[in-house]
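Worksheet for the structure shown next.
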Amino acid sequence: MTGEQIMKVTGILLENLIPTLKIFGFTLLFSIPLGLVVAALKMCRFKPISWLTNLYILIMRGTPLMLQIIVVYYALPFLKTATKGTGGFMENLLSGVDPAAESFMFTMVIIAFVLNYAAYFAEIFRGGIESIPKGQYEAAAALGMTKAQTFFRIILPQVIKRIVPASSNEVITLVKDTSLANVVAYSEIMLAAKQQMMNYSSLVPLFIAGVFYFVMATVLTALFGFIEKKLNYYR
Amino acid sequence: MSILSVKNLSKSFGKLEVLNDISFNVEKGEVISIIGPSGSGKSTLLRCINQFEKIDSGECEICGITMTKNDENGKAVYADNKTLHDIRLKIGLVFQNFNLFPHMSVLKNITEAPVHVLKQDKAQAEKTAMELLGKMGLADKANEYPCNLSGGQQQRVSIARALALSPELLFFDEPTSALDPELTGEILKVIKSLAEEKMTMVIVTHEMQFASEISDRVIFMDGGYVIENGTPDDVFNNSQNERTRQFLERYHS
Ligand SMILES: Nc1ncnc2c1ncn2[C@@H]1O[C@H](COP(=O)(O)OP(=O)(O)OP(=O)(O)O)[C@@H](O)[C@H]1O
Ligand SMILES: [Mg+2]
């Protein structure tokens, strides 16, 4: 490939950086709070809820994310086909589903990513919460603090410090996992790189894509290193 | 009026009866030591009075406020949550393992509850905290984090933290057991100075010499029963009870 072609491909990939970052950002935005909820459900003392939550976590962690994306993406279109002509409520509801639409693709990709990552974050949060010694709860209770005060002022800050290393692994994995969205033809860096590879019969576009991921992962690694250092003011 | 009155308190964990029919009073300004072999129920008794364990039966009154009463079947019934919270604030608790909040500075550890529980003004709470730290000889450590302090210093901070809520009654559960022997002295000194200020205290301890020096009364527990409740002289020197004498003999070597 010529220098000019390389510049052109780089430009195309750069445009596709935005959808990649959108998957990354939205997944974090929703999976972290959902992960906290899932962690709370798993620690629920009412056993059936705890078991159901555990089953969800097992499935999310035990099957490939790529498979989950495909399932989530095709579920509604298939349902639409199945309910065609019934004239019922479901048909009405699903009439707007257009699997080729950019917004539909994006929504389904985000749902799949969020469901998957929430399971991983939930396990990290649960591990962090359970690692805080009982004495911290008792000291807070003896000082008359409410349950909410105890959690948000005493427990959570300590949990955050403890889960930064494990979370940083997840977040860096997520950057690379965004490339899986290409299985449903959502255009992001990976899909664009594959198209350019075919276009030019060259591996250079993939190499450029690799550099993109590498730079993002390295920036995140540095960022988390910085956060860990910042939180190191106590042991 | 007693600061603390416990009547016929019983508590079991499943089949294991840990506290049997415990009764004792603590009067204002009194210092009481609770001694006894490991597993005799000393910590459980403290944890019951501090609402960390549920009492099966018995009547507990703190500063005239009823925490538990027996119903007609002799089962303990607790007061409502508001009352239980009020009672909690009347009692300060010092743990064996300090249980300081590691992510907060020494000063913040002490002001946290006054500011967020008692809704005190922050500046006022900090002023009080600095005075307490001064009394503990730790004024220069206000901005340190607990991990940078020695065990003895951490325990003094935790005493200051409990005192910051101006409790009517201070409980200690083996305040020196987690400390190196050379650090126990500084804690015992602090407790002694609190006793001189007529702070009402209940101290679970294995430091017999200290208990006999500082206490107005000593309670000896064994197997979940209060075996003795008397002056240090009664318990340490003139006990007629075989179990008490056997227990004390092990400390006289
Ligand atoms: N949460 C619990 N569940 C079941 N058994 C318990 C629990 N806490 C304490 N026990 C049991 O209750 C008994 C009394 O324990 P406790 O800790 O009150 O003794 P202690 O007098 O404080 O002993 P030590 O001097 O070793 O601190 C022991 O047999 C202990 O195993
Ligand atoms: Mg104990």
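Things worth noting here:
- Residues of region B:137-164 satisfying the condition of being of a type in the set (A, V, I, L, M, F, W, C), more than 13 Å from every other protein chain (Cβ to nearest Cβ) and open to solvent by 10 Å² or more (accessible area, probe 1.4 Å): B:Ala139
- The number of residues in region B:82-103 that are under 20 Å from the mean Cα position of the chain (by Cα) and open to solvent by 60 Å² or more (accessible area, probe 1.4 Å) comes to 4.
- Just one of the listed residues (B:Asp71, B:Asp86, B:Asp56) is more than 30 Å from B:Glu249 (Cβ to Cβ) and within 14 Å of chain A (Cβ to nearest Cβ), and it is B:Asp86.
- Pairs are defined by a Cβ separation below 6 Å, a sequence spacing of at least 6 or placement on different chains, a first member in region B:160-181 that is touching a residue at least 40 places away in the same chain (Cβ under 8 Å), and a second member that is among the polar types (S, T, N, Q) and within 16 Å of ligand 1 (Cβ to nearest atom); the pairs so defined are B:Asp173/B:Ser43; B:Asp173/B:Gln96; B:Glu174/B:Gln96; B:Ser177/B:Gln96; B:Ala178/B:Gln96; B:Ala178/B:Asn97.
- Index of the failed condition, B:Lys192 passing every other in (1) surrounded by fewer than 16 Cβ atoms within 10 Å (Cβ to Cβ); (2) in a loop (DSSP other than H, G, I, E, B): (2)
- Residues that are open to solvent by 50 Å² or more (accessible area, probe 1.4 Å), on the phi < 0 side of the Ramachandran plot and at pLDDT 95 or above within region B:165-188 comprise just one, B:Glu168.
- When residues in region B:41-89 are screened for being among the acidic types (Asp, Glu) and either assigned to a strand (DSSP E or B) or in contact (Cβ under 8 Å) with a residue 12 or more places away in the chain (or both), 5 of them pass.
- Candidates B:Ser10, B:Ser38, filtered to the one that is touching a residue at least 24 places away in the same chain (Cβ under 8 Å), within 16 Å of ligand 1 (Cβ to nearest atom) and surrounded by fewer than 21 Cβ atoms within 10 Å (Cβ to Cβ): B:Ser10
- Residues in region B:111-133 that are small (Gly, Ala, Ser) and in contact with a Ser or Thr (Cβ under 7 Å, 6 or more places away or on another chain): B:Ala125, B:Ala129.
- Number of the exception - B:Val202 against (1) over 16 Å from B:Leu100 (Cβ atoms); (2) not in a strand (DSSP E or B): (2)
- Residue list for region A:86-137, filter: surrounded by 15 or more Cβ atoms within 10 Å (Cβ to Cβ), in contact (Cβ under 8 Å) with a residue 24 or more places away in the chain and under 30 Å from B:Gln51 (Cα atoms): A:Phe125, A:Arg126, A:Gly128, A:Ile129, A:Ile132
- Criterion violated by B:Glu242 - all others in (1) within 16 Å of ligand 2 (Cβ to nearest atom); (2) farther than 28 Å from B:Ile159 by Cα satisfied: (1)
- So A:Ala140, is it open to solvent by less than 20 Å² (accessible area, probe 1.4 Å) and of a type in the set (A, V, I, L, M): yes
- Among the residues of region A:24-47, the ones that are open to solvent by 90 Å² or more (accessible area, probe 1.4 Å) and not aromatic (Phe, Trp, Tyr) come to 3 in all.
- Condition check for A:Leu156: within 24 Å of the chain's Cα centre (by Cα), in a helix (DSSP H, G or I) and within 30 Å of B:Ser166 (Cβ to Cβ): yes
- Comparison of A:Leu65, A:Leu58, A:Leu21 shows that the only residue that is exposed (fewer than 13 other Cβ atoms within 10 Å of the Cβ) and under 23 Å from the mean Cα position of the chain (by Cα) is A:Leu58.
- Residue that is nearest to the chain's Cα centre (by Cα), among those in region B:104-117 that are buried (at least 21 other Cβ atoms within 10 Å of the Cβ) and facing chain A (nearest Cβ under 8 Å): B:Ala113
- A count restricted to region B:130-180 and to residues that are under 21 Å from the mean Cα position of the chain (by Cα) and of a type in the set (D, E, K, R) stands at 7.
- Unmet criterion (only one of (1) free of Cβ contacts under 8 Å to residues at least 60 places away in the same chain; (2) open to solvent by less than 20 Å² (accessible area, probe 1.4 Å)) for B:Lys15: (2)
- Search result, residues across region B:169-204 that are out of contact with any Leu (no Cβ under 9 Å at 6 or more places or on another chain), within 13 Å of ligand 1 (Cβ to nearest atom) and either within 18 Å of B:Val26 (Cα to Cα) or among the small types (Gly, Ala, Ser) (or both): B:Ser177, B:Ala178
The values are calculated or read from the model by the stated rules, or taken from the named source; none is laboratory data. All of these numbers come straight from a predicted model, not from anything done at the bench. Here the Cβ is made from the backbone with ideal geometry for all residues, glycine too, and neighbour counts use every protein chain on show. All accessible areas refer to the heavy atoms of the entire protein, side chains included, with ligands and DNA or RNA removed. Shrake-Rupley method; radii C 1.70, N 1.55, O 1.52, S 1.80 Å.
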